[in-house]
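Here's the structure we're looking at; comments come further down.
The values are calculated or read from the model by the stated rules, or taken from the named source; none is laboratory data. Quick caveat: nothing in here was measured; it's all calculated off a predicted structure. Methodologically, a virtual Cβ is constructed for each residue, glycine included, from the backbone with ideal geometry; neighbour enumeration extends over all protein chains shown.
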Amino acid sequence: MIEIRNAKKSFGKNEILHDVSIQVNKGDVIVILGPSGSGKTTLLRCINFLEKADAGTLTIGEQTVDLKKASSKEILEIRRKTAFVFQNYSLFHNKTALENVMEGLITARNVPYEEARKKAEDTLAWVGLLAKKDAYPSQLSGGQQQRVGIARAVVLDPEVILFDEPTSALDPELVGETLAVIKSVAERGITMIVVTHEMSFAQDVASKVVFMDGGFIVEAGTPAEIFRHPKEERTKQFLARIISAENMYYI
Amino acid sequence: MVDLFDWKRFFTNIPQIVAYLPVTLKIVFYATLFGVILALLVAVIRIKKIPILHQAAGIYVSFMRGTPMLVQLLVVFYGIPILMQQLFNINVNRWDKIIFVYITYILNQGAFLSEIFRCSILAVPTGQLEAAYSVGLTQFQAFRRIILPQAVRVAVPSFGSDFIGLFQNTSLAFLIGVVDIMGRAKTIGTATKHVLEAYVFIAILFIIISLLVKGAFYLLDKKLAYGR
Amino acid sequence: MGFNSIYFYDSLRSGIQYLPNTFQLTFIPIVIALILGTVIAVIRVYRIPFLAPLLVVLITLYQGIPLVVALMIYHLLFIAEFNDFAAALHLDTSMADINLIWIGIFALSLQATCYMEESIKGAFFSVDKGQYEAGYSVGLTKLQTLRRIIIPQVIPVALPMLTNNIVGAIKGSSIVMVIGITEVLAGSVIPSSKTYAFFEGYIAAALIYWIFTILVEKIAARIEKRGDKYRRNLV
């Protein structure tokens, strides 16, 4: 069980997170929607301490840490229970696909080399890229890089995987195959928090949808509740804009 | 051009001069070895902006990069004895002159290389560091396994230029009395009253060295391309 | 502390007296290098046959020679051959009339030309090929394109590298001491020959050079900022 309580974060004078609380159960797939600047990416990055929040607590499993005052040791422990998939893939440029997937295992978790290699190869095969295991990121397409990034996160067997707009930097033709892989991650029962603009994905895969705006959680519920019966005015406005845009795209 | 340049003298000089090439190579070796270590330290201090050390490092780098090499040699040559006497009461009259040369070149390289290293480390995208943290690496692990290898790649061309510059700078050491290839040329000149052949040979020698080093770094650069 | 302030100030004053010589040894080579360097860079960029490859070879080879070695060689050649040389050209001067400083300026100019040419060439190559094509396509000649489109874009890129070259020229000027020219370095230790306060003398020289280079870098930074403003407005 993962819980964030009362997270606050400001950048200079801008308060990006106003007092956000969220609860995630094991196996949940939470999709966070919202306009840009709503704080959804910041919230995600606060969870694995890529940003340091100004206040709030984080509970993962048995461990609770203060989001602001966590010690380096605690941060490291949290990072070893979570995994992150970046919008720009951020694969290690100086390592092959296989080495990228192995890195967290051998260096951060002291898994023996052979065991790590086997696990990494299995995971790469699972995302369909075993043939490219010795390729460097510069030799892979965007979609392939992101799938390696997903493999890198999955192989760590974390308590939760955080996805930061995983398909936003991809060419449209590649978005589909990447979303398919993310869906199969969900089908494996892994707990996920996904920030995305892909509405059909949210409807299809999410167990809970959270709408954020201006640093607050405006509304949360099942996909059916949020998409078909939104209660808040802001939610309705946001959905109206996004869904009509999507419809236009399909024309 | 009679008696100014004599081929016979040119060729007799060659073995005599080349015999002192190891002295030049030793200067380059020690300057690079300790210079790199010093430079890494200074670069990290400046990137992490450690208080007090950061400012001191800034002054050190500015001084070494803003003053001529020759002046630095002379300052070290005259200054270290005074420093040693005043602070530690050690008499350095027995020291071989080459020690002062080593100290100067190490300090000099430390400053120039620290700038190169600092820029290369900062050139690695922050996303790489974040990705490293996200899979659970510590700061040290992330630096050693992800940032440093990529920074090295960026640094290679500048390091190569600096390395050639170091070789060329060694040509000044003889001015404080060290006998390297230049020093040998000078002694040949005093002994035989003919020194042009010696300097011409040294010029050719330096050209060959610079071409070899350029070639080596070109190959190194290609090897580090990581699949590009 | 073994450091005598009085001797230091004496050296400082003595050194500053010789700044004009150092300026001559720095700025004349820089101006020559800028002109020659640009010409050579343009030749390389336009790949003018025969000249371009020849210059590439010459520059690559010349860059390998340390300044002090070149200086010594020029000095020796000058002493040995000048009188014959002048007689051949029917010039009325003799060796004694020529100030040695010109040998220094000659050597420093060649050195600076090589390094500046590399910087300018690099800056040229950073300008998109499309810019040349765009110029021709609206009817500009090669020279007009160069002058009105290319060079204005080359300058902001070249500036940081050129600042480096200028600092290098300042530092290089100190080496002429070995052929007997008196500039800041030699000038600073003139008092020292009497007092044996060499350390104070050389520290004084270091200080003068250091301040000189810091000033150059600050001025360059100001110019770079101005240049940047200009570019951003264009976009």
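Screening region B:188-228 for residues that are closer than 21 Å to B:Ala151 by Cα and not in a helix (DSSP H, G or I) and picking the one that is nearest to the other protein chains (Cβ to nearest Cβ) gives B:Gly227. Is there a residue being among the charged types (D, E, K, R) and within 30 Å of C:Phe78 (Cα to Cα) anywhere in region B:9-20? Taking every residue of region B:9-20 in turn, at least one turns out to be among the charged types (D, E, K, R) and within 30 Å of C:Phe78 (Cα to Cα). Is one or more of the residues making up region A:74-81 in contact (Cβ under 8 Å) with a residue 12 or more places away in the chain, in a helix (DSSP H, G or I) and more than 23 Å from A:Ile182 (Cα to Cα)? Yes, because at least one residue in region A:74-81 is in contact (Cβ under 8 Å) with a residue 12 or more places away in the chain, in a helix (DSSP H, G or I) and more than 23 Å from A:Ile182 (Cα to Cα). Of the listed requirements (1) over 20 Å from the mean Cα position of the chain (by Cα); (2) more than 14 Å from chain C (Cβ to nearest Cβ); (3) β-branched (Val, Ile, Thr), B:Ile17 misses just one: (2). How many residues does region A:80-97 contain that are within 7 Å of chain B (Cβ to nearest Cβ) and touching a Lys or Arg at 6+ places or on another chain (Cβ under 7 Å)? Counting residues in region A:80-97 that are within 7 Å of chain B (Cβ to nearest Cβ) and touching a Lys or Arg at 6+ places or on another chain (Cβ under 7 Å) gives 1. Residues being under 30 Å from A:Thr96 (Cβ atoms) and crowded, with 19+ Cβ neighbours inside 10 Å are represented in region B:159-166 by at least one member.
The criterion of being in contact (Cβ under 8 Å) with a residue 60 or more places away in the chain, surrounded by 18 or more Cβ atoms within 10 Å (Cβ to Cβ) and over 19 Å from C:Val31 (Cα atoms) holds for C:Ile203. Considering every residue within region A:207-221, establish whether at least one is at pLDDT 90 or above and assigned to a helix (DSSP H, G or I). Looking for residues that are at pLDDT 90 or above and assigned to a helix (DSSP H, G or I), one finds none in region A:207-221, hence no. Summed over region C:171-188, residues that are surrounded by fewer than 24 Cβ atoms within 10 Å (Cβ to Cβ), in contact with a Phe, Trp or Tyr (Cβ under 8 Å, 6 or more places away or on another chain) and within 11 Å of chain B (Cβ to nearest Cβ) total 2. Here the condition is being touching a Leu at 6+ places or on another chain (Cβ under 9 Å), within 13 Å of chain C (Cβ to nearest Cβ) and either buried (at least 16 other Cβ atoms within 10 Å of the Cβ) or of a type in the set (D, E, K, R) (or both); of B:Ala142, B:Ala155, B:Ala173, B:Ala185, it holds for B:Ala173 alone. No other residue among A:Gly56, A:Gly143 is more than 13 Å from every other protein chain (Cβ to nearest Cβ), closer than 27 Å to A:Phe201 by Cβ and either touching a helix residue (DSSP H, G or I) at 6+ places or on another chain (Cβ under 8 Å) or in a strand (DSSP E or B) (or both) apart from A:Gly143.
Of A:Glu115, A:Glu159, all but one fail to be charged (D, E, K, R), surrounded by fewer than 23 Cβ atoms within 10 Å (Cβ to Cβ) and more than 24 Å from A:Ala186 (Cβ to Cβ); the exception is A:Glu115. Screening A:Asp134, A:Asp204 for residues that are away from every other protein chain (no Cβ under 12 Å) and surrounded by fewer than 16 Cβ atoms within 10 Å (Cβ to Cβ) leaves exactly one candidate, A:Asp204.
Could you list, in sequence order, all residues of region A:106-135 that are modelled with pLDDT under 90 and either of a type in the set (Ser, Thr, Tyr) or part of a helix (DSSP H, G or I) (or both)? If the condition is that a residue be modelled with pLDDT under 90 and either of a type in the set (Ser, Thr, Tyr) or part of a helix (DSSP H, G or I) (or both), then A:Ile106, A:Thr107, A:Ala108 are the ones that fit. Just one of the numbered conditions (1) within 24 Å of B:Ala203 (Cα to Cα); (2) in contact (Cβ under 8 Å) with a residue 60 or more places away in the chain is not true of B:Ser114: (1).
Take the conditions in a helix (DSSP H, G or I) and either farther than 23 Å from A:Ala153 by Cβ or away from chain B (no Cβ under 12 Å) (or both) and apply them to A:Thr42. Does it pass? Yes: the conditions hold for A:Thr42. Please work out if A:Asn48 is crowded, with 17+ Cβ neighbours inside 10 Å, in contact with a Lys or Arg (Cβ under 6 Å, 6 or more places away or on another chain) and within 10 Å of chain B (Cβ to nearest Cβ). It is true that A:Asn48 is crowded, with 17+ Cβ neighbours inside 10 Å, in contact with a Lys or Arg (Cβ under 6 Å, 6 or more places away or on another chain) and within 10 Å of chain B (Cβ to nearest Cβ).
For region A:184-196, the condition of being away from every other protein chain (no Cβ under 14 Å), assigned to a loop (DSSP other than H, G, I, E, B) and among the small types (Gly, Ala, Ser) holds for at least one residue. Scanning region B:38-55 for residues that are among the aliphatic types (A, V, I, L, M) and farther than 13 Å from B:Glu115 by Cα yields B:Ile50, B:Ile52, B:Leu53. For region C:172-197, the set of residues classified as touching a residue at least 40 places away in the same chain (Cβ under 8 Å) and out of contact with any helix residue (DSSP H, G or I) (no Cβ under 7 Å at 6 or more places or on another chain) consists of C:Gly180 only. Taking region C:27-73 as the search range and keeping residues that are of a type outside the set (Val, Ile, Thr), surrounded by fewer than 18 Cβ atoms within 10 Å (Cβ to Cβ) and within 14 Å of chain B (Cβ to nearest Cβ), which one is farthest from B:Asn169 (Cα to Cα)? Step by step, filter region C:27-73, then rank; the result is C:Leu58.
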